[in-house]
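Here the structure comes first, spelled out in structure tokens, and everything after it is commentary.
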């Protein structure tokens, strides 16, 4: 399958690309800002599966250059897409009164707008069927526990959940299924930023194994669903 993973240079995204190449001879475009870590990822994937095709693309998803830089880079490697995993995200931890307009733009541009822009850019190239997996958080689920300092992060992840439902409805006739996974606590760098000293019950590789299987098969069972994937929240 032809698969795109954003936010592939660390945490769950990094582990997810490795898990995908272990699960079959898939062709994976890995997108992130850190070119060095992407190259390291490609090398590790070759050790895991010497037939793997991992194509690193160094790109800042907050950049406006989707149509003339990112899309041509993706299409240079394959001209149709089976799976898009919108995994990239960022977090700013500040008290509400200290947040700036720039903080709002930074969080929403990456966590929400990049999903909108990348999926819209790729619409003509999705196979039928195809699967778009958006990554949210338990913090974005209505009625879940909320934590001081994470208002923008939680709000952006709530927007991802509703956007997922709307996209699924819009893309029904194109046979593009869209689902959302809302993560609980996973031991990543981002979790350490939000909750210093907290020990999560899952490692990135654990969650990556679940996401890999869901991305490959979940669209046969779900569409427009927000699925909590959580043993705990801090």
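See the values below:
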item	result
Rounded tilt (10° steps) of 151-170 against the dominant C-alpha axis of the chain	40 degrees
More than 19 angstrom apart: percent of Cα pairs within the range 33-143	58 percent
Mean residue ellipticity (222 nm) of the chain, computed from DSSP H runs ≥ 4 via -39,500 (n - 2.57), nearest 500	-11500 deg cm²/dmol
Mean Cβ count within 10 Å, highest first, over the residues of peptides 29-35, 193-199	29-35, 193-199
Cα-Cα separations in the range 92-155 greater than 20 Å, expressed as whole percent	42 percent
For the range 1-56 and the range 85-142, distance of Cα centres in Å	20 Å
Angle in degrees between helix 11-23 and the longest Cα principal axis of the chain, rounded to the nearest 10	30 degrees
Cα-based equivalent ellipsoid of the range 90-234: semi-axis lengths in Å, sorted from largest, via gyration tensor	27, 19, 12
Nearest 10 degrees, 0 to 90: helix 204-217 Cα axis against the chain principal axis	50 degrees
Residue order, fewest to most beta carbons within 10 Å, for 1, 207	1, 207
The range 215-230 versus the range 144-172: alpha-carbon centroid distance in Å	15 Å
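Coordinate-derived values only; no laboratory data. Note that this is a predicted model, so its numbers are computed, not measured. No Cβ is skipped: glycine too gets one built from the backbone with ideal geometry, and neighbour counts run over all protein chains shown.
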